[in-house]
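We did not get these values from a lab; they are worked out from the coordinates using the rules stated. Note that the structure is a prediction, hence the values are computed from the model and not measured. Here the Cβ is made from the backbone with ideal geometry for all residues, glycine too, and neighbour counts use every protein chain on show.
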Amino acid sequence: MKEYKPGDIRNFAVVGHASSGKTMLSEAMLACAGVINRMGSIAAGSTVSDYHDNEQHRQISVSASLLHLEWLGKKFNILDCPGYADFISEGLGALRVGDFALIVVHANHGVGVGTEAVWKYATEDGIPKLILVNAFDKDETDFEKSLAQIREHFGERVFPLTIPVNPGPGFNQVLDVPRNEIITYATDKSGKFTETPATGAWAERVKQLHNQLIEFIAESDDALMEKFFAQGGLSEEEWRAGIHTAIQKQVFTPLFCTSAENNIGVARLMDIIAKYGSSPVDRQKVQGTDADGKPLEVGLSDPDPVLYIFKTMSEAQFGELSFFRIYSGSVKFGSELYNTDRRSTEKIGQIYLLNGKNRTSVPSLSAGDIGAVVKLKDTHTGNTLCAPKRTVSLPKVVYPHPNIHASLRSAAKGEEDKVASGLAALHHEDPTFLYMVDSELRQTIVSAQGELHLEVIADRLRKRYNVHVDLIEPRVRYRETIKAKGDSKYRHKKQTGGAGQFAEVWMRIEPKPRDTGLEFTQSLAGQNVDRVFVPSVEKGVMKAAEEGILAGYRVVDLTVDFYDGKMHPVDSKDIAFQIAGYFAFKESFMAARPCLLEPIYTVEIRIPEDCMGKVMGDLSSRRGKIHGMDIEGGYQLIRAHVPAKELYRYSSTLRSLTGGRGVHSEQFSHYEEMPREAEQKVIEESKKHRQQQQAE
Ligand SMILES: Nc1nc2c(ncn2[C@@H]2O[C@H](COP(=O)(O)OP(=O)(O)OP(=O)(O)O)[C@@H](O)[C@H]2O)c(=O)[nH]1
Ligand SMILES: [Mg+2]
């Protein structure tokens, strides 16, 4: 395998809204470069990139795939990312290690939420963007309209380098602005093309665009600008030398037109990427921190290796694969590197170049390149690997919080350990998926980025770890409390068989303010009850409070006062007072106007203004109370308090109410008394639940 200098490497993430043609574009690039003889298709599940079962049967990308090829002597490392918002972590990792973003927009559907999101992320990562408008072979495309819409979103400096000449079915010609030519592509999907000079109206059009392009380029460099004014233009040599810098500085954002499906327009895009695209040399230095957390710069030409792990994945045929980008030094098979985040040493196993699932083993890779390594023992997504003598930690990608939750139910007994280790491994692989074992309600809550993400996680768990699980609605952590004072004089007496038991507990309870928990006191006077039984009574009370009395939820916000009782010289003992305390508490609780409290969440919702009506209507049907509204960057912000129960799968509802444009975050706020009807429902359900458990 050839070694590539950093300047000869093109690392880029192919990103964009769902189903815009990113995977087909990647496939077309592989065909152009001769990596594959013919293009596969999404329908047949035969693309190099979408090789996982769950991608093939859903016909969408679920994980980012690494592909590589050589074009005009340059090595392309392509990261084909999923467009579904649920799998945004894949795109975020790829954008972090890419030197530019290739943003794909579907010619029929235009800029979508997914397009805006990746634009924002690429901007935050400080990498240049190239836009590709795809599927010009479709009916009813309109180049001018697409361009105008894209400019509306991303600014007037979006500039077409190619324009479709004959859009619609049969589309195979584009006007090439830098070359002043019409390029005609072969219709056999080989990507081959012939060139002829533009004539007539096209010649006029291209001349005008050409001048505009040269102005952009001149703008990116003072020396070029001076020449531009002195000569009244730039020579071919001059503007070609300047185009790279102009793209780096984003003086303009190049736009291309293609039909990925038919491999039209792709080869010239690859030419431009090879000749003028960003390479690791354009980002020579990255900021990290040393062992003490002090800032430290990692330079491309530093001798010591520094690698960032942007993705890990467990594959049946490989085992655990860790994807990395090298920011300095090189990585060799058999060498040892230090994992700064885990504080452990890793031995580097086989290093691979990948094309989807096809791998080529290489002995080493050097600065600027991207590859994968197998069987690291304790390295996860977001970790930095470096030379043991110079520890570096590169900043981690910040992932969005999961906003959809479900409870994972084991359908078979005895699989708990397998489920637990599977969940831990899946979380390390995909940090946007979280899980929590809720010991109070004996459920495991899994949280993800969307419904589909949850399903994919459950699928992976079943297939990889061979367990039987399904997803159900989580139980809400209700609380029980009282609204009035109550009391009880409870006698526990057992005289049948064996040693007798006797205890009498007199108890008073009364409400306390919200969030103050349960307080146990004693105000015994006289000698009716020996003080040694106080802890016994307390134990009984606490047991009943833990178990719940009304509906099986923890009792809170009240004081219990054990003020008197009776005992028997022989039969009174610890267990007798525990039992009496337990029942005395239950009795006084039921006498004190008991009620349920429900958790209320603060929800922040961001939606386009035209969705206000629908979203507000839906919120009020969920018993939501609005307590703040703002306008921010053309979006409407709503802050509301919504009961936890009503938030189940809210993110899916919000997506469908807003065409995917609405997002929300939720955070626990406080407990509140429930409306009578809702309370009755919870009590009924808990009764049923208990009966079921008893029957089992
Ligand atoms: N007519 C036409 N169809 C296309 C073109 N590019 C992709 N498609 C089709 O559009 C659908 C989506 O294409 P993909 O390549 O999977 O799109 P994607 O952007 O990778 O999708 P996700 O990764 O799931 O977000 C598939 O049915 C493709 O065959 C194109 O240029 N023309
Ligand atoms: Mg795809």
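In loop segments of segment 262-368 as defined by DSSP, the trypsin sites (Lys or Arg not before Pro) with at most 12 further C-beta atoms inside 10 Å of their C-beta are R343. Over the Cα atoms of segment 281-362, the radius of gyration divided by the Kirkwood radius equals 0.99; this is the Rg/Rh ratio. Pairing the Cα long axis of helix 416-429 with the longest principal axis of the chain, what angle in degrees results, from 0 to 90 and rounded to the nearest 10? Rounded to the nearest ten degrees, it is 40. Overall dimensions of the chain, expressed as equivalent-ellipsoid semi-axes from the Cα gyration tensor (√(5λ), whole Å, largest first), are 63, 28, 23. Proximity of backbone amide H atoms, modeled 1.01 Å from N, is registered between T253 and V158, F159 at under 5 Å, excluding neighbours fewer than 5 places apart on the same chain. Against the chain, whose longest principal axis comes from its Cα atoms, helix 534-547 is set at around 40 degrees. For an R0 of 41 angstrom, estimate the FRET efficiency from the Cβ-Cβ distance between F333 and D417 and round to the nearest 0.05. Efficiency for this residue pair is about 0.75.
Distant-in-sequence amide contacts of E672, defined by a placed amide H-H separation under 5 Å and a gap of 5 or more residues or a different chain, comprise E598, I600. Modelled spin labels at E140 and R442, positioned 7 Å past Cα toward Cβ, are 5.6 nm from each other. Counting beta carbons within 10 Å around each of V537, V165 and listing the fewest first gives the order V165, V537.
The Cα-based radius of gyration and maximum Cα-Cα distance (Dmax) for segment 413-535 are 24.3, 67 Å. With the gyration tensor restricted to C-alpha atoms of segment 1-139, the semi-axes of the equivalent ellipsoid amount to 21, 19, 14 Å, longest first.
Measure up K2/K189; K489/K566; K489/K687; K483/K539 against 20 Å on the Cα-Cα distance and list the ones that go over. Where the Cα-Cα span goes over 20 Å, the pairs concerned are K2/K189; K489/K687; K483/K539. Contact order, relative form, for segment 595-683: 46 percent (alpha carbon pairs under 8 Å, 6 or more residues apart, mean separation divided by residue count). For M629 and E672, what does the FRET efficiency come to when R0 = 22 Å and r is the distance between their Cβ atoms, rounded to the nearest 0.05? Working from the Cβ atoms, E equals 0.55. A straight chain from E696 to K566 at 0.36 nm per residue would run longer than the Cα-Cα distance by 42.9 nm. Taking N as the residue count of segment 214-281, its C-alpha radius of gyration divided by 2.2 N^0.38 Å amounts to 1.27. In this label model, N466 and M590 are separated by 5.0 nm, measuring between points 7 Å along each Cα→Cβ vector. In this rough spin-label picture, where each label sits 7 Å from Cα along the Cβ direction, the E315-A201 distance is 5.0 nm. Taking max minus min of the alpha-carbon positions on each principal axis, segment 353-413 gives extents of 46, 30, 23 Å, largest first.
Residue separation of R622 and S46 scaled by 0.36 nm, minus their Cα-Cα distance, works out to 202.9 nm of gained length. Each 5 Å bin from zero holds the following percent of Cα-Cα pairs in segment 239-334: 3, 9, 13, 14, 13, 16, 16, 10, 5, 2, 0. Computed from Cα atoms, the angle from the helix 612-621 axis to the main principal axis of the chain rounds to 20 degrees.
By the count of neighbouring beta-carbon atoms within 10 Å, fewest first, S259, S686 end up ordered S686, S259. Dividing the summed -39500 (n - 2.57) terms of all DSSP H runs of n ≥ 4 by the residue count of the chain sets its mean residue ellipticity at 222 nm at -9500 deg cm²/dmol. Between V398 and N358, what FRET efficiency follows from the Cβ-Cβ distance if R0 is 30 Å, with the result rounded to 0.05? Result of the calculation: an efficiency of 0.40.
Its relative contact order, with pairs defined as Cα atoms under 8 Å and 6+ residues apart, puts the chain at 9 percent. Relative to its residue count, segment 1-52 spans a Cα convex hull of 113 Å³ per residue.
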